[in-house]
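Heads up: the structure comes next, in structure tokens.
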Amino acid sequence: MVKAIVGANWGDEGKGKITDMMAKTSDIIVRFQGGANAGHTIVNKYGKFALHTLPSGVFYDHTTSIIGNGVALNIPLLFNEIKSIVDRGVPAPKVLVSDRAQIVMPYHVIFDEYEEERLGKASFGSTKSGISPFYSDKYAKIGIQVQELFDEEQLKLKLASICVTKNVILKHLYNKPELNPDELFTTLMEYKEMVAPYVCDVSAYLWNAIKEGKNILLEGQLGSLKDPDHGIYPMVTSSSTLAGYGAIGAGIPPYEIKQIVTVVKAYSSAVGAGAFVSEIFGEEADELRKRGGDGGEYGATTGRPRRMGWFDIVASRYGCRIQGTTDVAFTVLDVLGYLEKIPVCVGYEINGDVLTEFPTTHLLKKVKPVLKVLDGWSCDIGGITTYDGLPENCRKYIEFVEEKLGFPITMISNGPKREDIIFRESKLK
Ligand code: GDP
């Protein structure tokens, strides 16, 4: 059975923790999109880890970790990541890399930097991991798939052609040093050596695994609102963050995805630029940022302070709908225990009207949040293991959110560890 774990919001919802937890009963965990631009934080018996490329199921010795064809594969980063976890005592993971995955080239990273520099104040707040130039090249059909490393003559010709166009831009737009195709070829031959033992026809492997009844998890990166089609375009990421894309980015039939667990965070946080309706500022934001997540809301890749906001029903309901949610995992609820009153954004006001459907970007910039204030529970809910064991106001918060979302909250995360999870029966299921 195939299950997807995806985010409803702007990312950093706690997908890594939910994946790590669900990986216990899974055989295979697949990354199907994105690259090393976002991070998943996982806390388990080996310590605290920020993963950027490896799937979050990598900490068990019974799992196979797969980098699907939809991923932006940075080969040296992947191998450093494998080394860094093994160095910390995690058993050497079984990793497979799709022969159709494309490679993040050194020039993708520098183009990302140069473009953000050129845009200045109008920049996207990119993590400068090369993701946008990578996907641009993929769809312009000048990307390099892993399998191309094994046809050296063709690869040389391709690199020469790529350098012609890249060098025009480097010289005339950015005024920077030009690329040398021979150097790039040497780099790619180093990459080939690193990746060769792991290369696999992943879609065939997964097809057989499905036939054998294996449990497979598709792990998404970022969230619905960063999807290039359905998110806050253009302040989005460059690959689809939706469960539907899981079928494509892993190479499996779409009808095999039977469960879509959408991770929804009990308050909002975002990184990068773009409209963020329920955003809060000043001391109120600092307090939530400091208490948020596990050790504060700071980017796992960049260390940047995240932008903070109250829970946004309009954005989260849309985020769940566009994912095709079958289950909601409601996370980091424990963080809100310090608040006596908890504001929630229930609508978007524009010219005297209240919108309850998430609008397109040009309208989103103009709306104001409509807040409803709920009572807090003013205590620490860490360590509670049953739904009935939660304080009444905490249950009311969950039930209010569930009713407004219209999707069943079947898991509640009340701490960063695998065990910090409360399963719940939902009337909506
Ligand atoms: P992801 O990108 O969706 O995997 O999320 P991140 O890993 O970037 O951010 C989630 C952060 O919250 C991490 O620091 C997690 O360890 C932490 N976290 C996840 N679930 C919970 C939770 O229920 N409570 C608390 N306090 N922290 C959590």
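Please treat every number below as a calculation from the coordinates, not as lab data. Nothing here was measured: the structure is a model prediction, and the numbers come from that model. Positions of Cβ are backbone-derived with ideal geometry, glycine not excepted, and every protein chain shown enters the neighbour counts.
What does the charge dipole of the chain about its Cα centre add up to, to the nearest 20 debye, if the Cβ of each Lys and Arg holds +1 and the Cβ of each Asp and Glu holds -1?
300 debye
Which is the longest run of the chain containing none of the GluC sites (Glu not before Pro) found in DSSP loop states (not H, G, I, E, B) with at most 16 other C-beta atoms within 10 Å?
Between exposed loop sites, the widest span is 1-177.
Could you work out how far apart the two model spin labels at residue 273 and residue 350 are, taking each label as a point 7 Å from the Cα in the direction of the beta carbon, and quote it in nm?
2.1 nm
When a footprinting reagent is the concern and you count Cβ atoms within 10 Å, what order do 1, 22 take, fewest first?
1, 22
Report the local net charge at residue 424: Lys and Arg +1, Asp and Glu -1, summed over other residues whose C-beta lies under 11 Å from its C-beta.
Cβ neighbours under 11 Å give a net charge of -2.
Of all beta bridges DSSP finds with both residues in the chain, what is the antiparallel percent, to the nearest 5?
Roughly 40 percent of the DSSP beta bridges within the chain come out antiparallel.
With respect to the cross-link table entries 24/427; 366/396; 24/417; 3/404; 226/365, which display a Cα-Cα separation exceeding 20 Å?
Table pairs above 20 Å Cα-Cα are 24/427; 366/396; 3/404.
Net charge near residue 245, counting Lys/Arg +1 and Asp/Glu -1 over other residues with Cβ under 13 Å of its Cβ?
Once all neighbours under 13 Å are counted, the net charge is -1.
Within a 10 angstrom radius of the beta carbon, how do 385, 63, 302 rank from fewest other beta carbons to most?
Ranking 385, 63, 302 by Cβ neighbours within 10 Å, fewest first, gives 385, 302, 63.
Sequence gap at least 6, Cα distance under 8 Å: using those rules, report the relative contact order of the chain to the nearest whole percent.
Once normalised by length, the contact order is 20 percent.
Taking the DSSP beta bridges in segment 283-386 as the whole, what percent of them are antiparallel, to the nearest 5?
Once the DSSP bridges in segment 283-386 are tallied, antiparallel ones form about 85 percent.
Could you put 52, 108 in order, starting from the residue whose Cβ has the fewest other Cβ atoms within 10 Å?
Fewest-to-most Cβ neighbours within 10 Å comes out as 52, 108.
Could you tell me the distance between the Cα centroids of segment 210-268 and segment 107-174, to the nearest Å?
If we compute the Cα centre of each part, the gap is 25 Å.
Once the dipole of the chain is set up with Lys and Arg at +1 and Asp and Glu at -1 on Cβ about the Cα centre, which of 57, 373, 247 lies farthest towards its positive end?
The residue sitting most towards the positive pole is 373.
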